[in-house]
1. Distance between the C-alpha centers of region A:352-389 and region A:36-103? Whole Å please.
2. Residue A:160: which lysines have alpha carbons under 21 Å from its alpha carbon, excluding same-chain residues fewer than 8 sequence positions away?
3. Per residue of region A:19-32, what does 6.51 cos²θ - 1.76 cosθ + 1.60 with θ = phi - 60° give for ³J(HN,Hα)? Whole Hz please, x for Gly and Pro, Karplus curve as stated.
4. Mind jotting down the distance between the C-alpha centroids of region A:122-141 and region A:263-318, whole Å?
5. What ³J(HN,Hα) values, in whole Hz, does the Karplus curve 6.51 cos²θ - 1.76 cosθ + 1.60 give for region A:363-378 when θ = phi - 60°, with x put for Gly and Pro?
6. What is chain A's relative contact order, in percent, from Cα pairs under 8 angstrom and six or more apart in sequence?
7. Given +1 on the Cβ of Lys and Arg, -1 on the Cβ of Asp and Glu, and no further charges, what dipole in debye does region A:108-174 carry about its Cα centre, rounded to the nearest 20?
8. With viscosity set to 0.692 mPa s at 37 °C, what whole-number translational diffusion coefficient in µm²/s follows for the protein assembly as shown from Stokes-Einstein and a Kirkwood radius over Cα pairs?
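Read-outs: derived from the displayed coordinates by stated rules, not from any lab. Everything numeric in this text was worked out from a predicted model, so none of it was measured. Note that each Cβ is placed from the backbone with ideal geometry, even for glycine, and that neighbours are counted across all protein chains shown.
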Amino acid sequence: MSNNILNGVVTVSISGLNPEKFINMAVNQGILIWNIQRESMTTIIFNIKKADFNRLKNISKKTKCRVRIKQKYGLEFLIDKLKKRKSLIIGASIFIFIIVFLSSIIWSIDISGNNKIESYKIYEAVKDAGLKEGKFKKDIKLREIEKKVLNKFDEISVIKISYDGTMAKVEVVERDIPPLIYSNQEPINIVASKDGIILNVYAYKGQKQVSEGDFVKKGQVLISGTVLDNENNVLEQVHSMGMINAKTWYEDISKVPLNYKYEERTGKVKKKAYIMFFNKKLCIKNSNIDFKKYDKIEEKNVLNINSYELPVYKISEYYFEKEEKYKILTEEEAFKIGTEKAEGELLKAMPANVKVLDKKIEKELNGDTLNVRILYIVEENIGIEEKIF
Amino acid sequence: MVKKSFIKEILTDNLDMPRDVIYNLPLITLIGDSEIHIENHKGIIEYGSEILRLNTNIGIIKIYGKNITIKEISKEEIMINGEIGGIDIIK
């Protein structure tokens, strides 16, 4: 019976003078009939299969009964109905396709479990390994990505990536790395990190090798960890400690031509604009650049919709016209420019914790260029540790 | 009653073959007072909610009761539901 529901069932009412005859004839022709009910003197209701319905016509003619369909149900009728509504089927299938298509893409990455490592670092690592927003799930090999990320970070002991709908969940378990033990047991020399003249030496441990006023070269041992006695026998090797302040110097020379050349923007600007879409450039606004010299400044903007980045960029290029200009400087002006330039260079080169003892500025006119030399004499700690092997 | 033949007599009496098959007799099964199962029928003569008459080899079987419905009918079998009051065999 359930089989018939799948195929389609028709509830038929027949009315005539002798409906029994109708049923007998139908049964004799091999039509299966069920649920027969007498409605009135002349009408009977019964169920037949959809496939048998057309055979009733012949019988109804012979028995002079009228056949009426009361109800139709079953899958076949549903399919017949759907066949008439093709656009509905197309729409529904497109809808299902879009749902399946969109849900097979990763739309977000969620990183959890990290306390020490910044999320963006893990995000970058995962992205490099191949897990990216907008990628298809089937293209991503999670186990390989896990391995790659695990190899990249020492601090991670376990990483698990799983999908939760369209979100990729990255769960991380961090490991505590034991701190590096600073050993003050291993024998160490203190050597000079640069040339200089010793101002004072304080050796807390180890044997002093230099004294005040000595000129030392880079790499020279200042405090030795190998302690010797008067007859040069090794007594012990220690981890030497101490402070060595020395006079060192920093120097910079800048050359300033008196015929000073400089560039200036004339104020004329031309603009070009492009739209970049998957590495293809599309010109929106073009202009003829006829400047001899120019600065080109490029701006790249990502288009977004509700903070979702689209793979579309807008590039605008600005061309600023430039002009070369010459200016004859006096020696004083050149000197000013030169010292500013040299001092800037020196401040970059010098470490921050030095004490400036002296500053010397020299100038020398050489043809039509002015050489400015600045010398800083500073006091700094030049001792660095070096292992004894 | 149908005509008796010698061979059929032997088959049924001595070899214990089912009588309904040999004589082509209707097999009437009554389940409680709510369902009747009849095999080897020869078509409906009259059907109403209180009466059902069936043609068979042994004559007309008349079933009466209340709310009689035919659950299923095919060439050889018929299943009847309802509150059955009685069965008559009319020869």
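1. If we compute the Cα centre of each part, the gap is 101 Å.
2. A:116, A:121, A:127, A:132, A:135, A:137, A:138, A:141, A:147, A:148, A:152, A:169
3. Along region A:19-32, the couplings run x, 4, 5, 4, 5, 4, 5, 4, 5, 5, 7, x, 7, 7 Hz.
4. Between the Cα centres of region A:263-318 and region A:122-141 lies a distance of 30 Å.
5. Values per residue, Gly and Pro as x: 10, 8, 8, 10, x, 10, 10, 10, 8, 10, 10, 10, 10, 9, 10, 10 Hz.
6. Working: 724 pairs, mean separation 47.8, N = 389.
Normalised by residue count, the contact order of chain A is 12 percent.
7. On the way: 14 positive and 13 negative charges, 67 e Å.
Using only the charged Cβ atoms, the result is roughly 320 debye.
8. Numbers: Rh = 36.4 Å.
Here the translational diffusion coefficient equals 90 µm²/s.
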